[in-house]
Amino acid sequence: EAGEEDCGTSKVNIHQIAAMYSLLKNDPVLARTEEKDSILICTFYKPQVDLIEAMLEEFLPKRRKENKGNVDVSTVDASQGKEARHVILVTARTKEVGFT
C-alpha cells in the first residue's frame, strides 16, 4: 500500500502522518487551538505513535504536550479515559490483510 512501511510486526503509514500534520498546520480550527490538552491524536500501534511524536518534535515542538503544548499522542488503548475537544485517528494496518 502507498505510504506504508514495515516497522517490526506492524506497519506505519507516512501518508496518514502527513495528512495529520497538514490538519494541525492548516485546519482553521486546529491550527489556532491553544487550549491545553485540546487535541488528542490516537493510533492503533506504538510504532505509529513514535513516528508521530518524532514528527511533532521536529516540526511542531511547541505544540507537544511534553513541552506544555496542546497535542497529546497515544495508542487507542492508552487513550481510554482521556478527554480532548478534538480527536484525530491516524490509521495503519498490520502486516496481514483481512481477518484470520
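A compact table of results
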| read-out | value |
| --- | --- |
| Mean projection area, nm², convex hull over Cα of the chain | 6.8 |
| Above-threshold pairs, the threshold being 18 Å between Cα atoms, out of 25/82; 25/62; 11/65; 11/46; 36/65; 11/82 | 25/82; 11/65; 11/82 |
| With Cα atoms, 0 to 90° folded angle of helix 14-26 axis to the chain main axis | 10 |
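Since every read-out is calculated from the coordinates, none of them should be taken as a lab result. Quick caveat: nothing in here was measured; it's all calculated off a predicted structure.
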